[in-house]
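Enquirer: What follows is a structure written as structure tokens; I'll ask about it next.
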Amino acid sequence: MTTDPKTAELEGVIAMAALVEYQPGAVVSRTLVKKSAGTVTAFAFDAGEGLSEHTAPYDALVLMIEGEAEISIAGTAHAVGAGTLLRLPANQPHAVKALTRIKMMLVMIKE
């Protein structure tokens, strides 16, 4: 894996937690795969950070790597933690709130 995130290539076995680093007071993302069929993005959220409610035109899967978060889907809160998975249905409003520092993978599937 190269150190430049703009040109990073994934090769061999990589620890998921090493794909993106925490930054104080921030949400950091790194696109790992971007294809016409979908994207795979790694995220690191500092505790208390989040993504405001929004929608996406495609289904997505959140795979939690570290920490604990609350993800709301259409107003229903879901507690997620390391090792859990949550489906975000297309066109449903959703938001993320990091209760602790978290790392997660977002897999968006396009039709």
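The values are calculated or read from the model by the stated rules, or taken from the named source; none is laboratory data. For clarity, every value in this text was computed on a predicted model and none was experimentally measured. When we count neighbours, we look across all protein chains shown, and the Cβ atoms used for this are built from the backbone with ideal geometry, even at glycine. Accessible surface is based on the protein model in full, side chains and every heavy atom, while ligands, DNA and RNA are left aside. Shrake-Rupley method; radii C 1.70, N 1.55, O 1.52, S 1.80 Å.
Enquirer: Which of the peptides 39-49, 58-68, 10-20 is most tightly packed, and how do the rest follow, judged by the mean count of other Cβ atoms within 10 Å per residue?
Expert: 39-49, 58-68, 10-20
Enquirer: Can you list residues whose amide H is under 5 Å from ILE65's amide H, if they're 5+ apart or on another chain and H is modeled 1.01 Å from N?
Expert: GLY83, LYS103, MET104, MET105
Enquirer: When the Cα centres of the range 71-111 and the range 17-70 are compared, how far apart do they sit, in Å?
Expert: 9
Enquirer: 7 Å from Cα along Cα→Cβ at both VAL33 and GLU21: what's the point-to-point distance in nm?
Expert: It works out to 2.6 nm between the two label points.
Enquirer: Taking 30 Å as R0, compute the FRET efficiency from the Cβ-Cβ separation of SER52 and VAL13 and round it to 0.05.
Expert: The formula returns an efficiency of 0.30 here.
Enquirer: With +1 on each Lys and Arg Cβ and -1 on each Asp and Glu Cβ, how big is the dipole of the chain about its Cα centre, in debye rounded to the nearest 20?
Expert: That gives the chain a dipole magnitude of about 200 debye.
Enquirer: Then there's this: Excluding ligands, DNA and RNA, what is the solvent-accessible area per residue of the range 56-111 at a probe of 1.4 Å, expressed in Å²?
Expert: 51
Enquirer: Using C-alpha positions alone, give me the convex hull volume of the chain per residue in cubic angstrom.
Expert: 100
Enquirer: What is the mean projected area of the alpha carbon convex hull for the range 20-75, to one decimal in square nanometres?
Expert: Hull-based average projected area comes out at 4.5 nm².
Enquirer: For the range 51-60, take each phi angle, set θ = phi - 60°, evaluate the Karplus expression 6.51 cos²θ - 1.76 cosθ + 1.60, and give the result in whole Hz per residue in order, putting x for glycine and proline.
Expert: 10, 5, 4, 7, 10, 9, x, 10, 5, 9
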